[in-house]
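Enquirer: Let me begin by handing over the structure; questions about it come next.
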Amino acid sequence: MEISKMGGFHEEYVSTGVLQSFIEDPSLFSDMINFQKIYEWVFKSFRIKGSVDLVRVFEQEQISRLMIIRRSWIYGIFINLLLLLIVAMTVVNVQYILEDFSSNPIIGYLISGLVVFSIVFTVYSGLAYLIYFHKIHGKHNDIINIYEGERILTEGSAVFSRFFNRVTMSYFLSIIITLFAVGDLVFVSGDYSDPVPYISISSLCIQVMLIAYYRWRMIDLEMDYILVVPGKIYFIDQVGVHENIQTLQLIHNIKIIQSSYPNFLGSFFDFWTIEIILDTMGPSMQGVSRPPHIHYVSSPMETVNNMNKLLLDYEKTPFVMEAILADIGLHSRNPDEPEVRERIGEYLVRHEEYMKTLFLSGDPQERDEIVRIYRKYIPHHTGFW
């Protein structure tokens, strides 16, 4: 991972090999049509980079740590088993297309080639995305720095955008091929007694529906998640093109965070359902029929423990900033006032060695706070972390 001294990141960064070709290759695997932009323009509730925008709001609120909770990558493997069914339907489609266009084999081979290309493109894109998902989210759901969280979500959005564009292109290409087959039956052959065109069109329709369902489930994998920050939990649920964000506050809404095995497979592969038991008397919770939840989360015990730890973190005092304000005799002043900002900047320059020692010996919360202070009051500092 390449990160600058000031903690910036490259939005288009991914590792070498198949992932790099998947994202950066400007030739065969580049985005032919940006379906993401089209969908986001037509459906305002569909935002692949919505998580990045939310985390940037957290940064403006001076939040330093968060958790990103997603479904297990094992769930992604089960989704991608649909590709086997799609490939099987492709074999059937090619056979019936060649038989349907036996009188004009050139057209038959051309359509069959487009069908095969569409599915190979879909399979390649899906497997490459799953490899990336496992690489980033195949670990425990740990508490991380806000800037690391932004980097992960930005990279993930970039990779998923390309996957979405490619699978959507395959989806519409399959629709066009199906419509062509219908048009050939109606306007060219006109032979309504032959069952082969009907079987061919039906199998093509099944293939279109399978690609649509596969894309929908992959959207769930990428765009259904939980963000946890001190004192709050954000549930983001993307149902098709509709996004639903539910914010739960510890002091008003949350009673218990619990986890349970959903079924035998969950027990075998160690993925659970995490569920938030709500105080239905709390603000905005009236009428909620089912507690917010997310299925197929790995390492459930560690995840729940980290969630509880981070939720309670909002009660802790920003120790380092209070110490700095006390040292410069401005403990009762607002640190965002121009004069106070200037004094804090001067203090950080004069006591850099002390701040470096404090950073190296401090706990994760103190380190996050020191990084955040330097970014805010000396934005061009080269950093010692």
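The values are calculated or read from the model by the stated rules, or taken from the named source; none is laboratory data. Not measured: the values here are computed from a predicted model. As a convention, Cβ positions derive from the backbone with ideal geometry for all residues, glycine included, and neighbour counts pool all protein chains shown.
Enquirer: Exactly one of (1) within 16 Å of Ile294 (Cα to Cα); (2) in contact (Cβ under 8 Å) with a residue 60 or more places away in the chain; (3) in contact with a helix residue (DSSP H, G or I) (Cβ under 9 Å, 6 or more places away or on another chain) is unmet by Ile219. Its number?
Expert: Here Ile219 meets the rest and fails (2).
Enquirer: Restricting attention to region 114-124, does a residue exist that is part of a loop (DSSP other than H, G, I, E, B) and in the same structural domain as Pro230 (by TED's automatic domain parsing)?
Expert: No, region 114-124 contains no residue that is part of a loop (DSSP other than H, G, I, E, B) and in the same structural domain as Pro230 (by TED's automatic domain parsing).
Enquirer: OK, next. Has region 181-203 got at least one residue that is β-branched (Val, Ile, Thr), surrounded by 13 or more Cβ atoms within 10 Å (Cβ to Cβ), under 25 Å from Tyr129 (Cβ atoms) and modelled with pLDDT of 85 or more?
Expert: no
Enquirer: Among the residues that make up region 161-178, is at least one of them within 18 Å of Ile48 (Cα to Cα) and of a type in the set (Phe, Trp, Tyr)?
Expert: Yes, region 161-178 has at least one match.
Enquirer: Tell me which of these Asp237 doesn't satisfy, since it passes every other one: (1) free of Cβ contacts under 8 Å to residues at least 40 places away in the same chain; (2) not in a strand (DSSP E or B).
Expert: Looking at each condition in turn, Asp237 falls short on (2).
Enquirer: Which numbered condition trips up Tyr296, out of (1) at pLDDT below 75; (2) outside the structural domain of Gln62 (by TED's automatic domain parsing)?
Expert: (2)
Enquirer: Oh, and also: Could you please find all residues in region 59-72 being modelled with pLDDT of 85 or more and either in a helix (DSSP H, G or I) or more than 20 Å from the chain's Cα centre (by Cα) (or both)?
Expert: None; the set is empty.
Enquirer: Same structure again: Tell me, yes or no, whether region 88-102 has at least one residue that is within 14 Å of the chain's Cα centre (by Cα) and not hydrophobic (A, V, I, L, M, F, W, C). Give the steps one after another, and end with the answer.
Expert: Start the filter on region 88-102 by keeping residues that are within 14 Å of the chain's Cα centre (by Cα), which leaves none.
No, every residue in region 88-102 fails to be within 14 Å of the chain's Cα centre (by Cα) and not hydrophobic (A, V, I, L, M, F, W, C).
Enquirer: Could you list, in sequence order, the residues of region 376-385 that are surrounded by fewer than 17 Cβ atoms within 10 Å (Cβ to Cβ) and part of a helix (DSSP H, G or I)?
Expert: Lys376
For (1) modelled with pLDDT under 75; (2) surrounded by fewer than 17 Cβ atoms within 10 Å (Cβ to Cβ); (3) among the basic types (Lys, Arg), each residue gets a yes or a no:
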{"site": "Gly282", "(1), (2), (3)": "yes, yes, no"}
{"site": "Asn305", "(1), (2), (3)": "no, yes, no"}
{"site": "Ala323", "(1), (2), (3)": "no, yes, no"}
{"site": "Tyr347", "(1), (2), (3)": "no, no, no"}
{"site": "His351", "(1), (2), (3)": "no, yes, no"}
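Enquirer: While we're here: Taking the criterion of being more than 30 Å from Phe78 (Cα to Cα), among the aliphatic types (A, V, I, L, M) and either at pLDDT 80 or above or in a strand (DSSP E or B) (or both), would at least one residue in region 357-366 satisfy it?
Expert: Scanning region 357-366 turns up at least one residue that is more than 30 Å from Phe78 (Cα to Cα), among the aliphatic types (A, V, I, L, M) and either at pLDDT 80 or above or in a strand (DSSP E or B) (or both).
Enquirer: Looking at (1) under 21 Å from Lys37 (Cα atoms); (2) hydrophobic (A, V, I, L, M, F, W, C); (3) touching a residue at least 12 places away in the same chain (Cβ under 8 Å), which is the only condition Leu204 fails?
Expert: If we test Leu204 against (1) under 21 Å from Lys37 (Cα atoms); (2) hydrophobic (A, V, I, L, M, F, W, C); (3) touching a residue at least 12 places away in the same chain (Cβ under 8 Å), just (1) comes out false.
Enquirer: Any residue in region 9-25 that is within 30 Å of Val320 (Cβ to Cβ), surrounded by 13 or more Cβ atoms within 10 Å (Cβ to Cβ), modelled with pLDDT of 80 or more and touching an Asp or Glu at 6+ places or on another chain (Cβ under 8 Å)?
Expert: No, region 9-25 contains no residue that is within 30 Å of Val320 (Cβ to Cβ), surrounded by 13 or more Cβ atoms within 10 Å (Cβ to Cβ), modelled with pLDDT of 80 or more and touching an Asp or Glu at 6+ places or on another chain (Cβ under 8 Å).
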